[in-house]
Amino acid sequence: MAPTTHFTPSQAHAAAASHHPAAAAAAAPATATARLHASASASAPAAAAALCPPFLAAGSHSVACPPVQNPIFSGPAAPWAVQPQRAAVGALGPEFRRARSTKNISKRNNRGAGGQDRGGRTSSAAAGRCVDKLLRVAPDDRRALGASLSSFRGELVGPDDYCHVLRELGDRDKSAVRALEVFHAALPLVGNGSVDKGKLLTAAIGALGKMGRPDLARRGFDAGIAGGYGKTVFAYSALISAYARSGLATEAMGVLESMKGAGLRPTTVTYNAVIDACGKGGVDLRFTLGYFRQMLRDGLCPDRKTFNSLLSACSRAGHLEDARAVFDEMTHLGIGRDIYTYNTFIDAICKCGNIELAMQVLLDMEAKKLKPNVVTYSTLIDGYSKLEKYEEALKLYEKMKSLGIRLDRVCYNTVLAIYVKTGKYAEIAIVCDEMEDSGIEKDTVTYNSLINGYGKQGRLDIVSFLVQDMRRRGVAPSVLTYSTLIDIYSKAGMHGDAFNVYLDFKESGLKADVVLFSSFIDTLAKNGLVEWALSLLNDMTEMGIKPNVVTYNTIIDAFGKSKVHAEEDPEVGDMGIVGVYNGQIIRAANPVTRGRSAIDVRMRRSQELYFILELFQKMVQQGVRPNVVTFSAILNACSRCNNFEDAALLLEQLRLFDNFVYGVAYGLLMGYQEIWSQAQSLFNQLGRMDSPTSSAFYNALTDMLWHFGQRQGAQLIVLEGVNRRVWENTWSEFCLDLHLMSCGAAQAMVHAWLLNVRSIVFEGRAMPEFLSILTGWGKHSKIAGASTLRHVIEALLNSIGAPFQVERFNIGRFVSPSVVVAAWLRESGTINTILLSDERAQRASPSNLVPRLEALQL
C-alpha cells in the first residue's frame, strides 16, 4: 500500500488540475470532408476492395461512370477508412462503461413531395373502383376475391391496371393474405406471356414487402421462378427491397448473390435496395460501403436514393462524420437533396446529441426554400427530449401547430413522452384529446410510452388503467409492453404482479427478447429466487437469445442478496413470489434456501462466489464484455460473503480474465504496496470515461476495502477520487457532500475531511460559524426518508464522538458549531479516532475456502 500522505485542499486542487487539462485544448472541428474523386493511384482499387465483403472483392473490375471519373470513397482522410486499432493491453474499452439503452427508434418514411416513384405509369378509373371493391371483401374469402377481380376483367386495361391494384393494396391494406390471393387470381387474367406475369409478380412482391411480410413475398417469388416468369431483374430487386423494409440484411444479400448466380446484372435500384437493407439490418458500415463500391465498379451511377440510403445507414450506426461526408458529397456530385435527405441527416445529428448543429441544418433547409415537415420537427423534438431540454422541445411543438403542420402519431407520442417525464398530467389529457379529435388512435407505442412514464413516476393506478384501456380498445401489447410492466412492478416490489405479467406473456404467443428475459430474471433475483433466475438464463440460451451484460450483472448482483434461512431462523413462510392468475394462486417456492444450519449458510455464501466465477466465465465465452456494473456487483458480493480468504481467492481467479482491473482490486485488498503504480494507471484510464462509470468503480472498490478492514487503503482511494474530481462538488473545506458516494467511500471520506479540518484548526485559520456534512434524507429511497447512507454516517459520527447533530429542519444534514468541532479536534485522544489503519476484521480458517475454485478450468 502506498504511504500515507497529508491531504490538503490546495494539494487536491493542484492534483485535479494536473489530471484535467483545459477543455480549450480540444481539437477543432474538421473542416475538410472526404470527396468522391478520380483515383490516380493503381493501389486505390485494392484499398477499396480491402473494405469490401470477400464475395464482393473477388473478380471485380472498375468501370467508368458517366457523371464522374470512377468515383470511389477512398483515401486516408476518408472517415470510413480502416483505422489502426489501439493496443488493448492495459486499457479499458468503451464497453466497460455502464450499459446503455440499445433500443432503436424507428423513423417513418416521408410520403410527401417526391415520395412517389410511379414513373409514367397510368391506370384506368376502373382500377381504382376495383381496389375499393376488393377492400370490402374478407381477406380470406378466396372465391369472393376472385369473383370481384373477374367482374372488372372487361374494364381493366392490360397488366398495368392489375399491377396498380396490387400496389394500392400494398399502400392501403394491412392484409397480406388478401394481396397474395389477388395476385394468384390475377395471374390467369393477364394472359400467358411471361413478361406480363413478371410485372404482376414484381408488383405483388412490392406490396407484400410494404405490408411487412417478406416471407409471403419470397413464397410468391419462388412460385414465379418455378413458373418461368420470375427470373427478372425487377423481381429480384423487389424481393431485396421487401427484405430491406423488414431489416433482413442477410436475406437481402443472399438474394443479390443468387441473382448474380442466375446471370442477371444488378441495377442501381438493386444496389439501392441492398444498401438500404444493410442500413436497416445494422450491418457494419464498411460492408454497406463495400456494396456501394461494387455498384460503382459495375458502371452504375449513384442517385439520390443511393445517397439517402447511405445517409440512413450512417444515421443508424451513429456515425455523424460519415453522415456529414455523404451529405456534402451529394452537392459535390450535383445530386439534389430532398426532404428525406435533410430529415435523415438531422436524425443522425440528433442521435449524436448535437442539437445546435441540427437547428443550423433546419435553417439551411428553410434558406433553400425546402419546407420542413412533420418528420423534421418530430426528429428535432425527440433530439431535445433526449437531452432533457424539454422546454425547447415544447417550443418546437408549439411552432409546428402555429405553422399549421398536421401532427402524426409519432410526433404525438414524442410530445406525450415529454409531458409524462415532466409530470404535466393536465397536458397529457389535452394531447390525448387532440389525438382523438384528429382521428389518430393510440397505438402500442403510445401506450408503451405512457405506461413507462407513469411507471417511473410511481403512478401505478394510471398504469393499471392504461393496461385495461389497451385491452378495451383492442390494442395488442408488444414484447416491450410486457418488459416495461415487469420492470415497473419489480422496482415497486410488486413481484407477484410482475410474475403474473410474465404468465400473460407466455400465453400471448409473442417471441421473447433479451429485454423481457432480463426484466423477469431481475424480478426473480430481487425476490431471492436466484436458482430460478439461473434456470431462466439457461432457457434463454437454449432459445437462441443471447444474454447481454445487464442479464449477467443482475444474477451476479443477486448472489449474496438471496435469503438463506438457518434452521434457528424464526422467520416464517417458505414461499417466494405469490401471484393470482386466472383466479388461481401461483406460488413460487425456493426450497433450497431453507432449513440450513448456520454452518451451511456460511458454506453457501462461499459457494456463491464459485457460481459468480462460473457466470463470469460464461460471459467471456459468449463474447459479453463485463463492465463497471459487473465489477461493482462482484466486489459487492465479496463484501457480503464476510470471508476475506474467499473474496481474495475469487479476485485472484478473475485476474486470469482481466489482470488490469481485477489485478488492481486483488492487490489493494491484499495490501501490496507495489500495486499502487498499476492502480494509478487504471485510474488514469478511468479518467477518460464518464462520471457515472468512474464513480461506480471508486465506490465499489472502496466499499470492499472498507468492509474487509483495509481502512487506510480505502481512504487513499477516496482521496484519489477527490483529486480526480470523480464526485462532483463533494469536497470543500467546511462542507462535505456525500450524496454521490457509497457507504464505505463516504465513511473513508469523513475521516479524511476531519483530518483536513484538524489541520486548519491547528494552523489557526478562520472558520465559518457552522460545519456541515450532507448525506441526503432518502428522497429516492424505496421508502422515502429511509436513507441508508444517512444512518451509516450517523453511526460513524457517534462511534468516534464527533459533535455533529442532525439539523432541525433537514434530516439529511449533520451540523455542528465550528468552535465545538475545533475543541473536539484539539483533544489529545481525537487524533487516534480519526486516523485510519489497515486491519482485517475477520480471518477465516482454511477449511472455509471455496473447495472447487482452484480446480475450475479456465
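The values are calculated or read from the model by the stated rules, or taken from the named source; none is laboratory data. Keep in mind it's a predicted model, so treat the numbers as computed, not measured. Because the Cβ atoms are built from the backbone with ideal geometry, glycine has one as well, and the counts that use them run over all protein chains shown. These accessible areas exclude ligands, DNA and RNA; they are computed on the full protein's heavy atoms, side chains included. Shrake-Rupley method; radii C 1.70, N 1.55, O 1.52, S 1.80 Å.
Of all the residues in the range 491-522, those that are buried (at least 23 other Cβ atoms within 10 Å of the Cβ) and either among the small types (Gly, Ala, Ser) or within 19 Å of VAL549 (Cα to Cα) (or both) number 8.
Looking only at residues of the range 280-294 that are open to solvent by 10 Å² or more (accessible area, probe 1.4 Å) and part of a helix (DSSP H, G or I), we find that the one that is farthest from LEU310 (Cα to Cα) is GLN294. Any idea which of (1) surrounded by fewer than 22 Cβ atoms within 10 Å (Cβ to Cβ); (2) of a type in the set (A, V, I, L, M, F, W, C); (3) part of a loop (DSSP other than H, G, I, E, B); (4) touching a Leu at 6+ places or on another chain (Cβ under 8 Å) is the one ALA766 doesn't satisfy? Checking ALA766 against (1) surrounded by fewer than 22 Cβ atoms within 10 Å (Cβ to Cβ); (2) of a type in the set (A, V, I, L, M, F, W, C); (3) part of a loop (DSSP other than H, G, I, E, B); (4) touching a Leu at 6+ places or on another chain (Cβ under 8 Å), the one that fails is (4). Hey, SER772 hits all of (1) touching a Cys at 6+ places or on another chain (Cβ under 7 Å); (2) closer than 17 Å to LEU669 by Cα but one; which does it fall short on? Condition (2) is where SER772 drops out. Taking the criterion of being at pLDDT 80 or above and either open to solvent by less than 60 Å² (accessible area, probe 1.4 Å) or over 45 Å from the mean Cα position of the chain (by Cα) (or both), the residues of the range 133-145 that qualify are LYS133, LEU134, LEU135, VAL137, ALA138, ARG143, ALA144, LEU145. Of all residues in the range 196-234, exactly one satisfies the criterion of being over 25 Å from ALA244 (Cβ atoms) and surrounded by fewer than 16 Cβ atoms within 10 Å (Cβ to Cβ), namely GLY228.
Considering the conditions (1) of a type outside the set (S, T, N, Q); (2) modelled with pLDDT of 90 or more; (3) not in a helix (DSSP H, G or I), LEU370 is excluded by exactly one of them, (2).
Kindly evaluate SER759 against the criterion of being hydroxyl-bearing (Ser, Thr, Tyr), modelled with pLDDT under 90 and more than 39 Å from the chain's Cα centre (by Cα). Answer is no for this residue. Restricting GLU321, GLU329 to those that are open to solvent by 10 Å² or more (accessible area, probe 1.4 Å), charged (D, E, K, R) and outside any loop (DSSP other than H, G, I, E, B) reduces the list to GLU321.
Please verify whether GLU571 is open to solvent by 30 Å² or more (accessible area, probe 1.4 Å), modelled with pLDDT under 50 and among the charged types (D, E, K, R), treating the condition exactly as stated. So GLU571 passes the test. When the range 248-259 is limited to residues that are open to solvent by 20 Å² or more (accessible area, probe 1.4 Å) and small (Gly, Ala, Ser), the one that is farthest from GLY209 (Cα to Cα) turns out to be SER258. Does SER312 satisfy the condition of being in contact with a Gly (Cβ under 9 Å, 6 or more places away or on another chain) and either farther than 27 Å from THR267 by Cβ or not aromatic (Phe, Trp, Tyr) (or both)? Here the answer is yes, as SER312 does meet what is asked. Within the range 156-172, the set of residues being surrounded by fewer than 20 Cβ atoms within 10 Å (Cβ to Cβ) and not in a helix (DSSP H, G or I) comprises VAL157 only. From the residues in the range 432-466 that are under 19 Å from ARG406 (Cα atoms) and of a type in the set (D, E, K, R), which one is surrounded by the fewest Cβ atoms within 10 Å (Cβ to Cβ)? The residue in question is ASP437. Looking at the range 467-477, is at least one residue buried (at least 21 other Cβ atoms within 10 Å of the Cβ), small (Gly, Ala, Ser), at negative phi and at pLDDT below 90? No. Residue count for the range 346-386, restricted to those that are open to solvent by 10 Å² or more (accessible area, probe 1.4 Å), over 17 Å from LEU403 (Cβ atoms) and of a type outside the set (Lys, Arg): 12.
Confirm whether ALA429 is surrounded by fewer than 21 Cβ atoms within 10 Å (Cβ to Cβ), of a type in the set (Gly, Ala, Ser) and either free of Cβ contacts under 8 Å to residues at least 40 places away in the same chain or at positive phi (or both). The answer is yes for ALA429.
Of all residues in the range 467-486, those that are under 15 Å from LYS456 (Cα atoms) and among the β-branched types (Val, Ile, Thr) total 3. If we scan the range 523-534, do we find a residue that is in a helix (DSSP H, G or I), open to solvent by less than 60 Å² (accessible area, probe 1.4 Å) and modelled with pLDDT of 85 or more? Scanning the range 523-534 turns up no residue that is in a helix (DSSP H, G or I), open to solvent by less than 60 Å² (accessible area, probe 1.4 Å) and modelled with pLDDT of 85 or more. Screening the range 332-345 for residues that are of a type in the set (A, V, I, L, M, F, W, C) and farther than 17 Å from GLY279 by Cβ and picking the one that is surrounded by the fewest Cβ atoms within 10 Å (Cβ to Cβ) gives LEU333. Scoring PRO188 on the criteria (1) open to solvent by 60 Å² or more (accessible area, probe 1.4 Å); (2) more than 24 Å from VAL157 (Cα to Cα) leaves a single failure, condition (2). The number of residues in the range 190-231 that are under 14 Å from HIS164 (Cα atoms) and of a type in the set (A, V, I, L, M) comes to 8. Does the range 471-507 hold any residues that are within 19 Å of the chain's Cα centre (by Cα) and not in a helix (DSSP H, G or I), and which are they? Selection gives SER478 alone.
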